[in-house]
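Worksheet: one structure, shown below.
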């Protein structure tokens, strides 16, 4: 096998490709741990930003819609208050929705320190 | 250098353009840096497109970026959404390059203006609305009324769903704009503080080491944020495209 590979390397591109594949595989395995780690820090920051803006903006949009409708119907403060309430509800709902999805995505990552092996297997 | 931390966001005309109706076609520094961003993306793609069986470094970058976006679309939206690839790819690389180019001294950060980020967000949400109605007809509006609730809940849940849909483009625009603006203001403030301490004399000049270290940290953080916000914008575009294809299970 390794014999054949060496002889055909300069001419045949398919075994060349196999060789590259193998080397890539070993390189990938070597670099797996730190990559996964760095990724996680970035996405955690992303999640934090996502959840906080989701909540704040929903309240503002609810209040804005209420304010606009107040202008339309001439019912000055009331629809603004209703919109504020609905906006808050919408914010909570989207935060729960997003957080639930994040939980589902992360469900396969074991948090305990006594099972790193199964984690590796599952990642593949 | 300007000493007001907000001066870096000033839009200044480079040459006067014609006014067509309400539109002022003046070419500003913001327009210039957007043109530079687009040119940089095109250059990047052109450099990475020399196809060989065993890719070199540049070609690998191109292939990795293709796979990155294609996988993101397939995983978050589904394999039927791959036709949106050009749009998501363009959005991601425009924002990424705009953010990174803005990190250079003297460069103008186009994504620190809500006019730019809001335009991008409006494109995304209009694409979802138009494609959703195109594909599902009026049934698309069912995303505002999730099935399987008691009838009494609908007067409450429909306004809530509408508000949460309307806040999507707003969150997209505000998050990117706020991140970029806050980061650049913070950088500028720290830099001004260094100059101020050094200018006051030798004793305070030594103390300037603290804001110098702070600035270095913030620069690193800002590079992370620049890439992260481009990623968040792109992945949320994919998430929102879900509503085009999965109307029933929301």
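The values are calculated or read from the model by the stated rules, or taken from the named source; none is laboratory data. The model shown is predicted, which means the values in this text are computed figures rather than measured ones. No Cβ is skipped: glycine too gets one built from the backbone with ideal geometry, and neighbour counts run over all protein chains shown.
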Exercise. Can you work out which of the residues in region A:19-51 that are within 19 Å of residue A:101 (Cβ to Cβ) and at pLDDT below 60 is nearest to the other protein chains (Cβ to nearest Cβ)?
Key: A:39
Practice problem: Among the residues of region B:216-250, write down those that are free of Cβ contacts under 8 Å to residues at least 24 places away in the same chain and outside any helix (DSSP H, G or I). | Solution: B:249
Quiz item: Do we find that residue A:54 is surrounded by 13 or more Cβ atoms within 10 Å (Cβ to Cβ), modelled with pLDDT of 80 or more and within 14 Å of chain B (Cβ to nearest Cβ) in this structure?
Solution: yes
Practice problem: Please specify each residue of region B:146-156 satisfying the condition of being away from chain A (no Cβ under 14 Å) and either within 18 Å of residue B:242 (Cβ to Cβ) or in contact with a strand residue (DSSP E or B) (Cβ under 7 Å, 6 or more places away or on another chain) (or both). | Solution: B:147
Quiz item: Is at least one residue of region B:130-138 exposed (fewer than 12 other Cβ atoms within 10 Å of the Cβ), more than 14 Å from chain A (Cβ to nearest Cβ) and in contact (Cβ under 8 Å) with a residue 24 or more places away in the chain?
Solution: no
Self-check item: Meets criteria (without any contact (Cβ under 8 Å) to a residue 24 or more places away in the chain and either closer than 26 Å to residue B:217 by Cβ or exposed (fewer than 11 other Cβ atoms within 10 Å of the Cβ) (or both)) for residue B:24
Solution: no
Quiz item: farther than 30 Å from residue B:192 by Cα and surrounded by fewer than 16 Cβ atoms within 10 Å (Cβ to Cβ) - does that describe any residue in region B:6-16?
Solution: yes
